[in-house]
Amino acid sequence: MKRWNGWGDDTIDYPLPPAAARFLEAQVGPGSPPRDASLEEVVASVPPSRLPAHPLVSTDAATRVRHARGHSLPDWIALRSGRIAAFPDGVAFPSTAEEVRSLLRYAASCGARVIPYGGGTSVVGHINPLPGEAPVLTIDLARMNRLRSFDEASRLATFEAGVTGPDLEAQLRARGCTLGHYPQSFEYSTLGGWVATRSSGQQSLGYGRIERLFAGGHLETPAGPLDLPPFPASAAGPDLRELVLGSEGRLGILTEATVRATGVPEREDFRGVFFPDWERARGAVREILQARLPLTMVRLSTPAETATTLVLAGHERLIGTLERLLAIRGVGEGKCMLILGCAAREALVKVARHEALGIARKHGGVHVG
Ligand SMILES: Cc1cc2nc3c(=O)[nH]c(=O)nc-3n(C[C@H](O)[C@H](O)[C@H](O)COP(=O)(O)OP(=O)(O)OC[C@H]3O[C@@H](n4cnc5c(N)ncnc54)[C@H](O)[C@@H]3O)c2cc1C
């Protein structure tokens with residue numbers, strides 16, 4: 001089950017490698033972990049619900065705790081310490097757009113605030129109820145996760161908005177396609193959440209950010225339903241998809257979204273390059289991007305992020321060997337890591353890789369494979 005007070009499945013532990021603990025201590029000083037509040041303690045602190053009974057609304061305290069906060073650092077501190085200012089008064093799990101519509105009517109009738117909830121991976125506080133007079137109803141779309149239609153010719157796929165990244169990709173891959181949208185929260189975040197937050201993925205350079213992939217959908221709003229049909233590119237009038245892109249659920253609940261899929265690429269290729277310093281790394285990345293190569297990923301880390309990534313990777317001996325080899329090539333303290341990705345036909349991947357690595361080399365980059 002998803003951890004209630006942090007990231008990941010609670011059956012999997014993520015122990016900090018000893019070298020990483022030493023590294024963190026060197027950066028921020030020694031620390032002593034405070035005692036974590038238990039789920040039982042937090043559940044016991046949940047006040048009674050202010051919502052009238054409804055067959056689709058759960059007022060179970062543990063469910064309300066699990067929907068109280070997102071995944072920002074302040075959220076994790078609140079959850080780990082058990083100091084949570086407000087909980088939703090109830091959580092609904094609709095299965096259809098009609099049920100969403102009836103829940104919006106119910107919320108209006110009892111003056112409740114509504115929070116649409118996808119995977120709950122928000123890092124900006126928008127799924128957190130605020131303390132106040134009005135009751136809060138969280139509408140979790142977890143049950144709305146089906147593929148509704150797939151058109152082989154246009155590769156337009158319509159999913160219910162609560163589908164998570166892995167489920168969406170599995171359905172498309174089974175049809176020889178991919179969306180190519182991989183935010184780092186991919187495992188838990190949902191299609192509706194991606195659209196509502198204007199999300200960007202690890203390979204968005206090639207596949208496009210969600211605004212390029214989102215072709216249309218269906219929205220349930222307090223004023224009634226709104227269809228956003230997937231029109232081809234048009235120069236006429238405003239683009240109504242902009243109403244929902246980045247809306248953070250303020251205008252309504254996206255129950256269905258149509259996305260533009262791509263054929264699974266013949267080859268996916270990822271390369272690591274290290275630069276002696278930030279200035280040279282930045283110069284290389286600028287030139288690579290200005291060359292408009294068909295890359296899907298150009299991810300550059302600062303010296304601090306590079307050092308953290310290497311030490312958190314574990315494999316102390318392997319990383320030690322890599323660092324010694326890089327030092328011989330003049331890439332030591334202050335180095336920056338660049339990951340280049342390409343997903344395309346084999347021949348195109350070869351050309352893009354050759355060109356990008358050539359530019360990197362010119363700027364002092366060392367390709368490590
Ligand atoms: C470890 C980690 C890594 C991350 N990496 C990335 C990244 O690489 N790129 C990136 O862009 N973001 C990233 N994020 C942020 C977050 O995952 C994204 O904003 C994601 O799109 C949220 O999706 P969600 O389904 O979890 O939405 P939620 O967190 O549930 O909701 C986010 C917002 O969208 C609204 N909403 C959700 N579903 C709907 C719906 N169906 N209709 C209307 N409104 C809705 C909510 O009310 C809320 O305002 C990361 C977060 C974490 C914790």
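The values are calculated or read from the model by the stated rules, or taken from the named source; none is laboratory data. Because the structure is a prediction, the values reported are computed rather than measured. Glycine also receives a Cβ, built like all others from the backbone with ideal geometry; neighbour counts cover every protein chain displayed. Ligands, DNA and RNA are excluded from the accessible area calculation, which covers all protein heavy atoms including side chains. Shrake-Rupley method; radii C 1.70, N 1.55, O 1.52, S 1.80 Å.
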>> Per residue, how much accessible surface does the range 36-140 expose to a 1.4 Å probe? Answer in Å², no decimals.
In response: 46
> Once amide H atoms are built 1.01 Å from N in the peptide plane, which residues 5 or more positions from E268, or in another chain, come under 5 Å H to H?
Replying inline: none
> Can you list the equivalent-ellipsoid semi-axes of the range 147-263, largest first and in whole Å, using the square root of 5 times each Cα gyration tensor eigenvalue?
Replying inline: 21, 16, 14
>> If I take R0 = 35 Å and measure r between the Cβ atoms of L251 and D13 in this structure, what FRET efficiency does the formula 1/(1 + (r/R0)^6) give, to the nearest 0.05?
In response: 0.30
> Packing-wise, with mean Cβ within 10 Å as the measure, how do 209-218, 347-356, 14-23 rank, highest first?
Replying inline: 209-218, 347-356, 14-23
>> Output needed for the range 180-234: three equivalent-ellipsoid semi-axes, defined as square roots of 5 times the C-alpha gyration tensor eigenvalues, in descending order, whole Å.
In response: 23, 16, 7
> Between L243 and R209, what FRET efficiency comes out of the Förster formula 1/(1 + (r/R0)^6) with R0 = 25 Å and r the beta carbon distance, rounded to 0.05?
Replying inline: 0.90
> Of the peptides 256-265, 128-137, how do they stack up when ordered by the mean number of other Cβ atoms within 10 Å, highest first?
Replying inline: 256-265, 128-137
>> 7 Å from Cα along Cα→Cβ at both K362 and R286: what's the point-to-point distance in nm?
In response: 1.3
>> Assuming 0.36 nm per residue, please report the length gained on full extension of the stretch A21 to S234 beyond their Cα-Cα distance.
In response: 71.3 nm
> Taking Cα centroids, how far is the range 311-345 from the range 350-369 in Å?
Replying inline: 14
>> Considering all alpha-carbon pairs of the range 267-367, what whole percent are spaced by more than 15 angstrom?
In response: 60
> Among T63, S49, S122, whose Cα sits farthest toward the positive end of the charge dipole of the chain (+1 at Cβ of Lys/Arg, -1 at Cβ of Asp/Glu, about the Cα centre)?
Replying inline: S122
> Each label point is 7 Å from the Cα along the Cα-to-Cβ direction; what then is the distance between the points at L318 and E41, in nm?
Replying inline: 3.8
>> Please compute, for the alpha-carbon atoms of the chain, the extent along each of the three principal axes and give them in descending order in Å.
In response: 70, 58, 34
>> Given the options T178, A37, L191, identify the residue whose Cα lies farthest towards the positive end of the charge dipole of the chain (+1 on Cβ of Lys, Arg; -1 on Cβ of Asp, Glu).
In response: T178
> From the phi of every residue in the range 339-345, what ³J(HN,Hα) in whole Hz does the Karplus formula 6.51 cos²θ - 1.76 cosθ + 1.60 yield, where θ is phi - 60° and glycine or proline is x?
Replying inline: 10, 10, x, 9, 9, 5, 5
> If you place +1 on the Cβ of every Lys and Arg and -1 on the Cβ of every Asp and Glu, how big does the dipole about the Cα centre of the chain come out, in debye to the nearest 20?
Replying inline: 920
> Under a point-charge model restricted to the Cβ atoms of Lys and Arg (+1) and Asp and Glu (-1), what is the dipole moment magnitude of the range 1-113 relative to its Cα centre, in debye to the nearest 20?
Replying inline: 340
> If you plug each phi of the range 264-270 into the Karplus form 6.51 cos²θ - 1.76 cosθ + 1.60 with θ = phi - 60°, what whole-Hz ³J(HN,Hα) values come out, in order, with x for Gly and Pro?
Replying inline: 4, x, 4, 9, 10, 9, 10
> Ignoring ligands, DNA and RNA, what accessible area per residue does the range 147-263 give at 1.4 Å, in Å²?
Replying inline: 45
>> With the cut-off at 1.5 for a/c, could you classify the range 36-140 from its C-alpha gyration tensor as rounded, prolate or oblate?
In response: prolate
> Considering only A343, G369, P238, whose Cα is most displaced toward the positive end of the charge dipole of the chain, charges sitting on Cβ of Lys, Arg (+1) and Asp, Glu (-1)?
Replying inline: G369
